[in-house]
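Notes to accompany the following structure.
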Amino acid sequence: MNNILAIDIGGTKLAAALVDNHLNVKERREIPTPGSKNPSVLENALSDLLRPLKGKADCFAAASTGIICDGVLTAVNPANLGGLEKFPLVDCLKKMTGLPGIALNDAQAAAWAEYQALRNQIQDMVFITVSTGVGGGIVSDGQLRIGTKGLAGHLGHVLADPYGPVCGCGRRGCVEAVASGRGITFAAINELEGFSAKTIFVHYANGNEQARMLIRRSANCISRLIADIRMITDCQHVVLGGSVGLAPGYIDLVKDELSAEPSVCSVGLSPAYYRNNAGILGAALWAEHVLT
Ligand code: ADP
Ligand code: BMX
Ligand code: ZN
């Protein structure tokens with residue numbers, strides 16, 4: 001395949017690019033996720049995003065937030081997509097582009113890309129995105145774990161705090177409700193009320209005490225998640241991505257919190273090698289894996 005039209009559908013942004021045989025990311029474009037429960041709003045946004053790229057590719061590969069099963073997106077936490085619960089992703093992209101293609105969960109895709117960057121050293125790793133939500137992807141024995149219904153790796157919906165905030169998935173106290181960009185925003189009060197996580201990080205850099213507490217709370221939650229994952233999977237490495245996960249200083253806070261756990265829970269932790277392109281590249285690599 002010469003060019004793959006790779007697409008990353010997140011709760012905050014939609015990104016698309018052409019990915020060539022050498023994993024070069026070309027003509028990358030990004031627009032905000034519209035956030036509406038009406039599927040045609042997402043369809044129109046994708047159409048605008050893909051129009052200049054679709055004629056230059058042989059197939060598409062989509063990494064998307066939500067459970068992806070049989071090409072259909074089902075939200076675990078519909079609030080991350082403005083209330084959208086279901087979207088026929090692969091059918092919609094086939095009609096829109098006239099191309100064949102595949103889709104998988106965004107964090108599963110990113111895990112697959114990050115595994116390729118590490119594969120000479122390890123067979124078992126976990127990727128965590130701290131972004132609009134908290135997502136995860138598990139590679140075990142060199143295999144990406146998707147699960148029979150696409151749910152494998154939904155690490156944002158394991159329990160962080162039984163008395164914590166109710167998550168959009170319906171459970172109380174999920175990691176996502178505490179640690180995600182939206183979780184940080186929801187916990188902010190007074191001078192930071194309603195601010196995006198991005199803005200709260202700016203206040204953190206400027207020494208705001210509440211911002212420091214909110215970001216530490218998120219990092220603490222992610223460190224405990226990593227300790228749990230280590231105990232469950234015996235993974236050799238954990239990779240952190242997403243705009244919150246990659247924000248300056250965040251991974252150091254997580255490492256600091258993790259160092260307080262018993263050494264049996266400690267594990268190598270690094271920022272995503274492919275940064276914000278991990279989802280796009282993972283989808284392209286997965287398409288090559290399943291279509292060729
Ligand atoms: P998506 O969830 O669409 O994949 P991101 O990975 O960009 O997108 O995550 C979006 C979340 O990250 C939002 O909560 C946003 O406020 C926050 N964010 C975006 N940019 C930054 C930044 N530079 N520093 C910290 N947080 C950020
Ligand atoms: C949510 C869930 C996951 C996703 C994760 C990160 C939805 C719509 N998404 O836990 O499938 O992997 O968020 O998604 O239920 P992102 O948008 O933050 O990248
Ligand atoms: Zn949840």
For this session: Please find, among Leu104, Leu50, the residue that is hydrophobic (A, V, I, L, M, F, W, C) and in contact (Cβ under 8 Å) with a residue 60 or more places away in the chain.
Result: Leu104
Exercise. If you go through segment 133-161 one residue at a time, how many are of a type in the set (Gly, Ala, Ser) and within 16 Å of ligand 1 (Cβ to nearest atom)?
Worked result: 6
Problem set entry | Residues of segment 164-173 classified as outside any strand (DSSP E or B) and farther than 14 Å from Asn80 by Cα, total | 4
For this session: Of all residues in segment 126-152, count the ones that are open to solvent by 10 Å² or more (accessible area, probe 1.4 Å), over 25 Å from Lys198 (Cα atoms) and in contact with a Lys or Arg (Cβ under 8 Å, 6 or more places away or on another chain).
Result: 3
Exercise. Does any residue of segment 279-287 turn out to be open to solvent by less than 10 Å² (accessible area, probe 1.4 Å), under 14 Å from Val130 (Cα atoms) and without any contact (Cβ under 8 Å) to a residue 40 or more places away in the chain?
Worked result: no
Problem set entry | Filtered residues of segment 16-42 (kept if within 29 Å of Pro78 (Cα to Cα) and either aliphatic (A, V, I, L, M) or away from ligand 2 (no atom under 16 Å from the Cβ) (or both)) | Ala16, Ala17, Leu18, Arg28, Arg29, Ile31, Ser40, Val41, Leu42
Problem set entry | Subset of segment 225-266 (residues that are surrounded by 18 or more Cβ atoms within 10 Å (Cβ to Cβ), in contact with a Phe, Trp or Tyr (Cβ under 8 Å, 6 or more places away or on another chain) and assigned to a loop (DSSP other than H, G, I, E, B)) | Ala247
Problem set entry | segment 27-57, residues that are part of a loop (DSSP other than H, G, I, E, B), under 18 Å from Gly101 (Cβ atoms) and open to solvent by 70 Å² or more (accessible area, probe 1.4 Å) | Arg51
Problem set entry | Of all residues making up segment 174-204, the number that are more than 21 Å from Phe127 (Cα to Cα), free of Cβ contacts under 8 Å to residues at least 24 places away in the same chain and either assigned to a loop (DSSP other than H, G, I, E, B) or within 10 Å of ligand 3 (Cβ to nearest atom) (or both) | 5
Exercise. Just one of the numbered conditions (1) under 18 Å from Ser64 (Cα atoms); (2) part of a helix (DSSP H, G or I); (3) more than 16 Å from ligand 3 (Cβ to nearest atom) is not true of Ala117; which one?
Worked result: (1)
Exercise. Based on what the data block shows, is Ala63 closer than 19 Å to Lys26 by Cα, within 15 Å of ligand 2 (Cβ to nearest atom), of a type outside the set (Ser, Thr, Tyr) and in contact (Cβ under 8 Å) with a residue 40 or more places away in the chain?
Worked result: yes
Seminar exercise, completed: Only one of Lys13, Lys56 is touching an Asp or Glu at 6+ places or on another chain (Cβ under 9 Å) and more than 16 Å from ligand 2 (Cβ to nearest atom), namely Lys56
Exercise. From the list Lys86, Lys94, Lys26, which residue is farther than 19 Å from Arg182 by Cβ, of a type outside the set (A, V, I, L, M, F, W, C) and in contact with a Ser or Thr (Cβ under 9 Å, 6 or more places away or on another chain)?
Worked result: Lys86
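The values are calculated or read from the model by the stated rules, or taken from the named source; none is laboratory data. Since the structure is predicted, the reported quantities are computational estimates derived from the model, not experimental observations. Note: ideal-geometry Cβ built from the backbone for every residue, glycine included; neighbour counts use all protein chains shown. Remember, those area values only see protein heavy atoms, side chains included, never the ligands or the DNA or RNA. Shrake-Rupley method; radii C 1.70, N 1.55, O 1.52, S 1.80 Å.
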